[in-house]
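Asks: Supplied in structure tokens, the structure appears directly below.
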Amino acid sequence: MYGMLGRMKAVPGKRDDLLALLLDSSGSMPGCLSYIVAKDAKDADAIWITEAWDSKDHHDASLKLPQVQAAIAKARPLIAGFDSSAETEPVGGIGLASAPKG
């Protein structure tokens, strides 16, 4: 499995608009096991995105999907920047099947 964690900053006052856009565009992505968008509890402009994929290849391919490309274009004016990110290797958890052994 492949995972990504990222913290995105919205333009001041535009976090809810950016959240709505991210949530509306996150359906039907082949290989996506989990895509969670959350408000940062301490920063009114920050958003955390947590992703789990069956492979890095599916994650990378998702960035080329028409609905994702359209969402990126619409989101650009709402994004002030990215300040944290990490690649992970999910191994399981509630709502996520365990990764294959080996």
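What follows is calculated from the coordinates using simple rules that are stated; it is not laboratory data. Values in this document were obtained by computation on a predicted structure and should not be read as measured data. All Cβ positions, even for glycine, are placed from backbone atoms using ideal geometry, and neighbour counts span all protein chains on display.
Asks: What is the magnitude of the charge dipole of region 2-87 about its Cα centre, with +1 placed on the Cβ of each Lys and Arg, -1 on the Cβ of each Asp and Glu, and no other charges, expressed in debye to the nearest 20? Don't skip to the end; give the middle numbers.
Replies: On the way: 10 positive and 12 negative charges, 50 e Å.
Result for region 2-87 is approximately 240 debye, rounded to the nearest 20.
Asks: Continuing with this model, one more query. Report, in degrees rounded to the nearest 10, the 0 to 90 angle that the Cα long axis of helix 15-24 makes with the longest principal axis of the chain.
Replies: Once rounded, one gets 40 degrees.
Asks: List every residue whose amide H lies under 5 Å from the amide H of Ala80, counting only residues 5 or more places away in sequence or on a different chain, with H placed 1.01 Å from N in the peptide plane.
Replies: Here the answer is Lys9, Ala10, Val11, since their amide H atoms fall under 5 Å of that of Ala80.
Asks: Return one number: the angle in degrees, 0 to 90 and rounded to the nearest 10, between the long axis of the Cα atoms of helix 66-75 and the longest principal axis of the Cα atoms of the chain.
Replies: 30 degrees
Asks: Ok, one more. Just in region 1-93: which trypsin sites (Lys or Arg not before Pro) are loop by DSSP and have at most 11 other Cβ atoms within 10 Å?
Replies: Lys42, Lys64
Asks: Would you mind calculating the gained length between Leu96 and Asp16 on full extension (0.36 nm times residue separation, minus the Cα-Cα distance), in nm to one decimal? Walk me through the intermediate numbers first.
Replies: On the way: separation 80, 0.36 × 80 = 28.80 nm, distance 2.71 nm.
Residue separation times 0.36 nm, minus the Cα-Cα distance, leaves 26.1 nm.
Asks: So what's the back-of-envelope 222 nm ellipticity for the chain, counting only DSSP H runs of four-plus at -39500 (n - 2.57) apiece and dividing by all residues, rounded to 500?
Replies: After summing the helix terms and dividing by the residues of the chain, the value is -7500 deg cm²/dmol.
Asks: From the phi angles alone, apply the Karplus equation (6.51, -1.76, 1.60; θ = phi - 60°) to region 32-47 and give each ³J(HN,Hα) in whole Hz, x where the residue is Gly or Pro.
Replies: 7, 9, 7, 9, 10, 10, 9, 6, 6, 6, 10, 10, 5, 10, 9, 10
Asks: Here's a follow-up. Could you work out the relative contact order of region 2-102? I mean the mean sequence separation of Cα pairs under 8 Å and 6+ apart, divided by the number of residues, in percent. Please list the in-between numbers first.
Replies: Values: 164 pairs, mean separation 43.0, N = 101.
About 43 percent, as a whole number.
Asks: Check the straight Cα-Cα distances from Lys42 and name the lysines below 20 Å, setting aside those fewer than 8 residues away within the same chain.
Replies: The reachable lysines, counting only those whose Cα sits under 20 Å from Lys42, are Lys9, Lys14.
Asks: In the set (i) 66; (ii) 49; (iii) 44, which value of percent of Cα pairs over 18 Å apart was calculated from the structure you see?
Replies: So the structure-derived entry is (ii).
Asks: Something else now. If Lys and Arg each add +1 and Asp and Glu each add -1, what is the summed charge of the other residues whose beta carbon sits under 11 Å from the beta carbon of Asp16?
Replies: Details: positive: Lys14, Arg15, Lys39; negative: Asp17, Asp45.
Local charge sum for Asp16: +1.
Asks: Between Tyr35, Ala70, Trp48, whose Cα lies farthest towards the positive end of the dipole of region 2-87 when Lys and Arg beta carbons carry +1 and Asp and Glu beta carbons carry -1, centred on the Cα centre?
Replies: Looking along the dipole axis, the top candidate is Ala70.
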